[in-house]
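Below: the structure, in structure tokens.
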Amino acid sequence: MKVLGISFGRKNQRSDVMVKEALFAAKAAGADVQFINTIRMDIGHCRACDYCSRNRDKGEREIHCCMKDDYHILEEACLDADGIIIAAPVYAVGIVGQFKNFVDRFGPSHDRAALLEENKKRIAEGKSEDELLDPRYFKDRYVGYISVGGAQTHNWVSLGLPMLDLFSFSFCMKCVGHVDAYDQGRTGHPLFDPALMEQCAKLGDAVARSIGKPYDECEEWVGDEGVCPVCHNPLLSMNGTTKVECPICGIWGELSVEGDKVKVDFPEEEIARARYTNTGIYEHYNEIQNMIKVCVPKLVANKDVLPKMMEKYERFEETIANM
């Protein structure tokens, strides 16, 4: 089993140290480990060119991005891994942008529902094993996240862990732990906080020991329990009623108040449709397919009038100058 550690922070600084501590524990649990620091890697943002999905639909075995930067290095490392541990700094309430660049390119292009449907199509067409999609796309993986922030006040880092969880969904990876390493400005260095380093080690051990287990048989969790029983984040979306939603997992629960305690009951059928599950990703896949059925006829029906409607937007500067 192979555990990959990724740091989106400065070289040999806090994120690096905490991921490496987790990897030490993963190694002690029997895993082969690999560490990557991304700080000097060029990972550009997704350009929505659709190159990856077009090649998938044309029968390519592996899904690649057309942009020639360092994204592919990180992509291949993730595909080879059985478990992944990520640490990233929080600069402005949420995780550093380089991480989001990677997620925007990795997630949609490796959406498991779309890949499963493509493989079904190829099998129905009588394609050989070598013509099916790369089997690494369908491997279950366990992940753990470390959010690193300097602020003492937690609301300045409150979107760190929820943003890290975005990495899990499209590839159907199960998270087994969170380490919320805020207040680093006063801590000075994570090595001055033995309890924090112990949490990082527990995270690495949990990821390594979970590998190979079916998701429904893995009860590992490192970190605070949170509110949601799936992602363990403390966030809720409110709509003015007692029906509330976890904005990370997309599951609904019923909120109640007992004295000064707030409780949310998430039914088992909701837990079973969380975003990282096959049910959850197929909900999104089917939603996209239905959008296409609605959108394409509209574009076709208006193909002659839309260019005229777009003129003032395409000639923005000229339009503004003449107003």
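The values are calculated or read from the model by the stated rules, or taken from the named source; none is laboratory data. Quick caveat, the model's predicted, so the values are computed rather than measured. In this analysis, Cβ positions are derived from the backbone assuming ideal geometry, glycine residues included, and neighbour counts consider all displayed protein chains. To get the accessible areas, we keep the full protein, side chains included, count just its heavy atoms, and leave off ligands, DNA and RNA. Shrake-Rupley method; radii C 1.70, N 1.55, O 1.52, S 1.80 Å.
Please enumerate the residues belonging to region 63-103 that are among the charged types (D, E, K, R), over 19 Å from Gly144 (Cα atoms) and surrounded by 15 or more Cβ atoms within 10 Å (Cβ to Cβ). Of everything in region 63-103, just one residue is among the charged types (D, E, K, R), over 19 Å from Gly144 (Cα atoms) and surrounded by 15 or more Cβ atoms within 10 Å (Cβ to Cβ), namely Asp70.
Residue count for region 260-311 satisfying the condition of being hydrophobic (A, V, I, L, M, F, W, C) and in contact with a helix residue (DSSP H, G or I) (Cβ under 8 Å, 6 or more places away or on another chain): 5. Residues of region 67-89 that are of a type in the set (D, E, K, R) and out of contact with any Leu (no Cβ under 9 Å at 6 or more places or on another chain): Lys68, Asp69, Asp70, Glu75, Glu76. Would you mind stating whether Gly185 is surrounded by fewer than 21 Cβ atoms within 10 Å (Cβ to Cβ) and assigned to a loop (DSSP other than H, G, I, E, B)? Taking the combined requirement at face value, the residue does not satisfy it.
Of the residues in region 196-209, none is modelled with pLDDT of 95 or more, outside any helix (DSSP H, G or I) and at negative phi.
Tallying residues that are open to solvent by less than 50 Å² (accessible area, probe 1.4 Å), of a type outside the set (Gly, Ala, Ser), closer than 30 Å to Val264 by Cβ and assigned to a loop (DSSP other than H, G, I, E, B) within region 210-232 yields 7. Could you tell me whether any residue of region 297-312 is touching a residue at least 24 places away in the same chain (Cβ under 8 Å), of a type outside the set (S, T, N, Q) and either over 30 Å from Ser53 (Cβ atoms) or open to solvent by 80 Å² or more (accessible area, probe 1.4 Å) (or both)? No, the conditions are met nowhere in region 297-312.
Looking across region 127-175, just one residue is open to solvent by less than 10 Å² (accessible area, probe 1.4 Å), aromatic (Phe, Trp, Tyr) and part of a loop (DSSP other than H, G, I, E, B), and that is Phe171. Here is the figure for region 1-38: residues that are β-branched (Val, Ile, Thr) and either outside any strand (DSSP E or B) or open to solvent by 70 Å² or more (accessible area, probe 1.4 Å) (or both) total 3.
Annotation note: of Ser7, Ser53, the sole residue that is in contact with a Ser or Thr (Cβ under 8 Å, 6 or more places away or on another chain), among the hydroxyl-bearing types (Ser, Thr, Tyr) and modelled with pLDDT of 95 or more is Ser7. Here is the figure for region 39-87: residues that are closer than 28 Å to Val17 by Cβ, acidic (Asp, Glu) and not in a helix (DSSP H, G or I) total 4.
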